[in-house]
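Please read the structure below before turning to the comments.
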Amino acid sequence: LIALLTAILAPKSPIADVTVLNPGISRQNINDKEITLDLLVQLDNGTQVHIEMQSDSRPGFSVRIIFYWARAFVNQLHRGEAYTQLKPVVSIVFTGYRVFRDMPCLHATFHILEVKRHVRLTNVFELHLVELPKIEQQDSFAEVRPEVARWARFLGAKTDEERRKVSQEDPMVIEAYEWLVELSSDEDVQRCARERDENRKLNEIELWLTREEGREEGREQGKREVIQRILSL
């Protein structure tokens with residue numbers, strides 16, 4: 001995990017340690033939306049890093065990531081504490097689809113900048129986007145550090161053989177590969193993976209049915225409006 005974060009964040013000083021925090025972010029009040037992050041960790045300097053993986057394109061995903069960042073950011077502050085005590089929160093997002101098709105870069109970094117002079121407003125917000133399908137584009141590696149490229153190729157590999165080959169290039173990636181192999185052979189992990197895949201498919205079916213019902217309702221409404229117009233002639 002430290003190796004992955006070091007590759008993406010390229011910190012000025014080495015990351016000595018990380019603490020994995022509870023991925024659930026508590027609600028401020030009963031009406032707030034409850035969210036669960038893929039992984040939320042805290043670096044030894046107090047910076048929190050939210051790591052998210054999104055396999056399929058979903059409506060509003062970019063806005064949801066900003067929402068996750070905002071909730072993690074404000075959740076640091078307790079009653080009576082000063083705003084100066086807030087530490088930066090960094091979001092790292094790996095996607096299994098292309099978010100920006102006209103931007104070839106594999107790894108993009110976002111800050112809050114002034115529009116014309118690109119002056120950075122604050123260091124508390126930072127978002128890293130790694131679009132894994134772009135590993136198939138040779139020009140996507142032009143401005144990417146080798147360690148980022150290796151992790152992206154490992155995470156974006158489509159076969160076990162591809163992952164194995166990439167892992168041979170980096171000791172930390174080898175360790176990740178060995179852990180992945182061990183986890184993949186665990187029956188409980190396999191069951192969780194099957195359940196997650198089944199839930200994902202059920203959600204897709206529900207979304208499709210909802211869209212179809214909306215289309216059918218729209219068609220029926222259109223028919224009624226046409227009939228009403230004809231009868232009014």
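The values are calculated or read from the model by the stated rules, or taken from the named source; none is laboratory data. None of these values were measured; they are calculated from a predicted model. Cβ: placed from backbone, ideal geometry, glycine included. Neighbour counts: every protein chain shown. What goes into the accessible areas is simple: the full protein's heavy atoms, side chains included, and nothing from ligands, DNA or RNA. Shrake-Rupley method; radii C 1.70, N 1.55, O 1.52, S 1.80 Å.
Residue by residue through the range 118-169, note down the ones that are of a type in the set (Asp, Glu) and open to solvent by less than 20 Å² (accessible area, probe 1.4 Å). Scanning the range 118-169 gives a single hit, Glu131.
Cβ-Cβ contacts under 6 Å between residues 6 or more apart (or on different chains), taken from a first residue in the range 78-105 that is within 30 Å of Glu143 (Cβ to Cβ) to a second residue that is part of a loop (DSSP other than H, G, I, E, B) and β-branched (Val, Ile, Thr), are listed as Lys87/Thr47; Pro88/Thr47; Pro88/Val124. Of all residues assigned to the range 81-101, at least one qualifies as being modelled with pLDDT of 95 or more, β-branched (Val, Ile, Thr) and farther than 23 Å from Arg196 by Cα.
Going by what's in this entry, would Phe110 be described as of a type in the set (Phe, Trp, Tyr) and modelled with pLDDT under 95? When the stated conditions are applied, Phe110 does not pass them. Which residues, counting only those in the range 48-94, are in contact with a Phe, Trp or Tyr (Cβ under 9 Å, 6 or more places away or on another chain), within 12 Å of Leu129 (Cα to Cα) and open to solvent by 30 Å² or more (accessible area, probe 1.4 Å)? The answer is Met53, and nothing else. Against the numbered list (1) farther than 18 Å from Ile51 by Cα; (2) open to solvent by less than 20 Å² (accessible area, probe 1.4 Å); (3) among the β-branched types (Val, Ile, Thr), Ile112 comes up short only at (2). Considering Leu207, Leu233, the condition of being open to solvent by less than 100 Å² (accessible area, probe 1.4 Å) and either in a helix (DSSP H, G or I) or modelled with pLDDT under 75 (or both) is satisfied by Leu207 alone. Scanning the range 176-186 for residues that are open to solvent by less than 90 Å² (accessible area, probe 1.4 Å) and either without any contact (Cβ under 8 Å) to a residue 12 or more places away in the chain or outside any helix (DSSP H, G or I) (or both) yields Val181, Leu183, Ser184, Ser185, Asp186.
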